[in-house]
1. Please state which of the following conditions Asp86 fails to meet, knowing it meets all the rest: (1) open to solvent by 50 Å² or more (accessible area, probe 1.4 Å); (2) of a type in the set (Asp, Glu); (3) under 20 Å from Asn4 (Cα atoms).
2. Among the residues of region 41-83, write down those that are β-branched (Val, Ile, Thr), open to solvent by 50 Å² or more (accessible area, probe 1.4 Å), free of Cβ contacts under 8 Å to residues at least 40 places away in the same chain and closer than 18 Å to Phe31 by Cβ.
3. Anything in region 5-52 that is of a type outside the set (A, V, I, L, M, F, W, C), farther than 16 Å from Ile82 by Cβ and modelled with pLDDT under 95? List them, or say none.
4. Only residues that are closer than 16 Å to Leu15 by Cβ and within 13 Å of the chain's Cα centre (by Cα): list them for region 36-51, please.
5. When residues of region 84-94 are filtered for being touching a residue at least 40 places away in the same chain (Cβ under 8 Å) and over 12 Å from the mean Cα position of the chain (by Cα), how many remain?
6. Based on this model, can you work out whether Asn21 counts as closer than 15 Å to Lys92 by Cα, open to solvent by less than 70 Å² (accessible area, probe 1.4 Å) and either touching a helix residue (DSSP H, G or I) at 6+ places or on another chain (Cβ under 7 Å) or assigned to a strand (DSSP E or B) (or both)?
Amino acid sequence: GLQNIIEETPVKFSLSQNYPNPFNPVTNIKFSIPNAGLTKLVIYDALGRIISQPVNNNLQAGSYEIEFNAAGYASGIYYYKIISGDFSETKKMILTK
């Protein structure tokens, strides 16, 4: 589940590198949003296909962490992208089994 991890309002958008990375099969992703609004976290495979969308909600400003379980996916490179307002950022993660 999605957890709000810091009570203070962040001053800027951010998407942290997942940890651990490489991972098997669970990893954590942190992000911060300074403004309330529709926020999406989308996970893509190496071919750019959406494989999961663990966040697709109206969120309050804050810092959040979500656990992603990739037990049903093959080893390889995956990408995760945050989209909130006019902000978007993508990072790479590696699943090793």
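1. That leaves (3) as the condition not met.
2. Of everything in region 41-83, just one residue is β-branched (Val, Ile, Thr), open to solvent by 50 Å² or more (accessible area, probe 1.4 Å), free of Cβ contacts under 8 Å to residues at least 40 places away in the same chain and closer than 18 Å to Phe31 by Cβ, namely Ile50.
3. Matches in region 5-52: Glu7, Glu8, Thr9.
4. The answer is Thr39, Lys40, Leu41, Val42, Ile43, Tyr44.
5. Qualifying residue count, region 84-94: 3.
6. No, not satisfied.
The values are calculated or read from the model by the stated rules, or taken from the named source; none is laboratory data. These figures come from a predicted structure and were not determined experimentally. As a convention, Cβ positions derive from the backbone with ideal geometry for all residues, glycine included, and neighbour counts pool all protein chains shown. Note: accessible area is taken over every heavy atom of the protein model, side chains too, but ligands, DNA and RNA are not part of it. Shrake-Rupley method; radii C 1.70, N 1.55, O 1.52, S 1.80 Å.
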